[in-house]
1. For a quick check of your reading: which strands (runs of 3 or more DSSP E) sit entirely within the stretch 355-433 and have at least 2 residues that are touching a residue at least 40 places away in the same chain (Cβ under 8 Å) and within 26 Å of the chain's Cα centre (by Cα)?
2. For residue 418, which of the numbered conditions (1) surrounded by fewer than 20 Cβ atoms within 10 Å (Cβ to Cβ); (2) more than 18 Å from residue 226 (Cβ to Cβ); (3) of a type in the set (A, V, I, L, M, F, W, C) fails to hold?
3. Within the stretch 264-271, is even one residue charged (D, E, K, R) and either open to solvent by 50 Å² or more (accessible area, probe 1.4 Å) or more than 25 Å from residue 150 (Cα to Cα) (or both)?
4. Here is a list: 118, 74, 167. Which entry is near the ligand (Cβ under 10 Å from one of its atoms) and of a type in the set (Val, Ile, Thr)?
5. Taking the condition over 26 Å from the mean Cα position of the chain (by Cα), in a loop (DSSP other than H, G, I, E, B), on the phi > 0 side of the Ramachandran plot and small (Gly, Ala, Ser), does residue 190 pass?
6. For the stretch 105-125: of the residues being in contact with a Leu (Cβ under 6 Å, 6 or more places away or on another chain) and part of a helix (DSSP H, G or I), which is least open to solvent (accessible area, probe 1.4 Å)?
7. Can you give me the number of residues within the stretch 118-163 that are under 22 Å from the mean Cα position of the chain (by Cα) and either closer than 18 Å to residue 208 by Cβ or not hydrophobic (A, V, I, L, M, F, W, C) (or both)?
8. Could you please find all residues in the stretch 90-99 being more than 10 Å from the ligand (Cβ to nearest atom) and open to solvent by less than 20 Å² (accessible area, probe 1.4 Å)?
Amino acid sequence: MNIGVIGTGYVGLVAGACLAESGNDVWCVDSDAAKIERLKGGTIPIYEPGLPEIVERNLREERLTFTTDLDAAVKKSFVIFIAVGTPPAPDGAADLTAVFQVAAAMGRAMDRYKVIVVKSTVPVGTSEKIREILKKETKHPFDLLSNPEFLKQGAAVEDFMKPDRVVVGADDVRAAEILRDLYAPFVRTGSPVLLVDVRTAELLKYAANAFLAARISFMNEIANLCETVGANVDMVRKALASDSRIGPAFLFPGVGFGGSCFPKDIKALIDTGRKHKYGMQILEAVDAVNQGQPARFVEKIRKHFEGNLKDKRIAVWGLSFKPRTNDMRDAPSIKIIESLLADGAAVAAYDPEATDEAKRIFSGRIQLSSSNYGCLEGADALLIVTEWQAFRNPNFERIKGMMRQPVLFDGRNIYDPAQLRQHGFTYYSVGRT
Ligand SMILES: NC(=O)c1ccc[n+]([C@@H]2O[C@H](COP(=O)([O-])OP(=O)(O)OC[C@H]3O[C@@H](n4cnc5c(N)ncnc54)[C@H](O)[C@@H]3O)[C@@H](O)[C@H]2O)c1
């Protein structure tokens, strides 16, 4: 099948590459000409395990084409996915500018019947607006479907290739069948393809992210209480996780969630509630707890240094919002580092994949190392902010030998407090005393 994917970011690039991998001819479109040039040369602008190999193979076998020419891609394609960003507007609502721009451009480019699929995460009712825009721009018939994406950055290829479920929101069953066929190679092991109406598809994507975010904020709140009353959140978590009604996922306390999805999707869902005069009370709390978590972490650091961080040298391990990605959008590391800098501390940091992103964000205000040990020389404290696998079993004697003072603030609870104290560290973590 001929497929167009508009927007070649984390979602569009993975979707386009994986759809080409299953034999389709895919045109990936982006308005960012520099990005398209790099992609044409086989350079992947994001870190996503397994993606370079698939892009390279499908470029070579000429099933994957990168272009800035939306018009040509629409004309060539039968099914066209919209996968552009829906970032937060200042009031928390999803900014749909790119989605509507793309819809209008697609309408102008259409020359016959097309199946148009909204993959971007959009608030309930957006597809109806897209339909109106398309109708204004074209006389040609089309079907409009909603197909929210559930991939996780860091495991995006795997998730796309083997999804837990595929959701197809359609008001027309025949059009839905076209998407079902397209996804058939990815659901051979029996994952369900859920056919729902368009509004339900739009809402359930937000509900899924909001629920996962709620679990994290819930655990963070319990961890904060553990600190206050002298209980151990590790054991609380294990007890909850082993309850078959609860399960283990998304129960790790820490410095809060970040990334391009959870924070913005919660705010957008709260905004949807507001617009329909329904207060999303749980989500307001999920957001508030999350906002407080990095500040609480910084407060521990301030308290240890008796309120004086001036000229303290702080080493930070982990900058991306989670392991296995270079994405720093809304990463807790940014809030934490900005607070430390505002207090007069000097920051040296290391991340396995996000160095370029960090250079862009902090533009020379922090030192960036090319190895985890490289940022430790003369440090007064080491902070664990992202739980990359490579940080889990370091040489603690070497760390201690390089630091001015062996003080460790573990924002992800990756170390054992007793073991760290045995190594001679003053050790702080989340929800464990
Ligand atoms: N990142 C995730 O893990 C994830 C998971 C599921 C759903 N989503 C949703 O998918 C959507 C895309 O997310 P993302 O992380 O891939 O975003 P992104 O910012 O990484 O990529 C968006 C791409 O769209 C391009 N673009 C913007 N305007 C354009 C236009 N007018 N024409 C052509 N291209 C244009 C940008 O240049 C960029 O390359 C969002 O709605 C997001 O909420 C993201």
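1. 381-384
2. Unmet condition: (2).
3. Taking every residue of the stretch 264-271 in turn, at least one turns out to be charged (D, E, K, R) and either open to solvent by 50 Å² or more (accessible area, probe 1.4 Å) or more than 25 Å from residue 150 (Cα to Cα) (or both).
4. Matching residue, one of 118, 74, 167: 118.
5. Against the criterion (over 26 Å from the mean Cα position of the chain (by Cα), in a loop (DSSP other than H, G, I, E, B), on the phi > 0 side of the Ramachandran plot and small (Gly, Ala, Ser)), residue 190 qualifies.
6. 107
7. Of the residues in the stretch 118-163, 24 are under 22 Å from the mean Cα position of the chain (by Cα) and either closer than 18 Å to residue 208 by Cβ or not hydrophobic (A, V, I, L, M, F, W, C) (or both).
8. Across the stretch 90-99, the qualifying residues are 92, 93.
The values are calculated or read from the model by the stated rules, or taken from the named source; none is laboratory data. In this text, all values refer to a predicted model and were calculated from it rather than measured experimentally. So basically every Cβ, Gly included, is an ideal-geometry build from the backbone, and we count neighbours across all protein chains shown. The area values use the complete protein model at the heavy-atom level, side chains included, leaving out ligands, DNA and RNA. Shrake-Rupley method; radii C 1.70, N 1.55, O 1.52, S 1.80 Å.
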